[in-house]
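Below you'll find the structure, written out as structure tokens, and then a few comments.
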Amino acid sequence: MYLQIIENPGDRIKFEQLYRKYRNLMFYIANKILQNQQDAEDAVHNAFLSVAKNISKISDIECPKTRGFLVIIVERKAIDILRNRKKEANEELIEDKAGSILLDLGEHDLKWCIDQLPPRYREIILLKYSHGYSTREISEILGISFDAASKLDQRAKKRLEDLCRKEGIL
């Protein structure tokens, strides 16, 4: 089904390789968040649909950026399912439940500061400044409006700046 979305034969091969390499990791992350195998399978399915739509943006399957990108997508899809399951829950509590597996940015203070960000802010920072996605692309990946993605980016940068100043990096 995923391959029907992808027109380019090279992208189809890349998608198949991504699927084989990362499906178990993505299921593990979704199941950790949702605590339910069926919901985790749904989250992984939804994540792979998003990946299929954005497959041309992925250059290297083995790259840590690709791994981080896939982790962020499956987390967002799992959180969407969690929100639907618990509509009365406070959104801030839901967002604090998941946490991205950070890329290896090296052993320096900036990595520590990024680690301290709430998961949603951390995801925005990684998608935009590590993976190079535009705000419009991030809004599509995360399934939120452009304005919401812009505001999240603004808040994430402010929080990161505050943390860096507190730690004496800036």
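The values are calculated or read from the model by the stated rules, or taken from the named source; none is laboratory data. Small disclaimer: the values here were computed from a predicted structure and weren't measured. Note: ideal-geometry Cβ built from the backbone for every residue, glycine included; neighbour counts use all protein chains shown.
Which residues, taken from the range 45-70, are part of a helix (DSSP H, G or I), in contact (Cβ under 8 Å) with a residue 60 or more places away in the chain and among the polar types (S, T, N, Q)? Hit for the range 45-70 is S50, nothing else. Just to be sure, is E62 of a type outside the set (K, R), over 24 Å from L152 (Cβ atoms) and at pLDDT below 85? Considered against the rule, which asks whether it is of a type outside the set (K, R), over 24 Å from L152 (Cβ atoms) and at pLDDT below 85, E62 comes out as no.
Give me the helices (runs of 4 or more DSSP H) completely within the range 71-160, filtered to those with at least 1 residues that are over 26 Å from Q35 (Cβ atoms) and at pLDDT 80 or above, ordered by residue number. Walk me through it before giving the result.
Details: elements: 91-97, 109-116, 119-125, 135-142.
Helices (runs of 4 or more DSSP H) meeting the threshold: 109-116, 119-125, 135-142.
Being of a type in the set (V, I, T), within 24 Å of D80 (Cα to Cα) and outside the structural domain of A43 (by TED's automatic domain parsing) is not true of I169.
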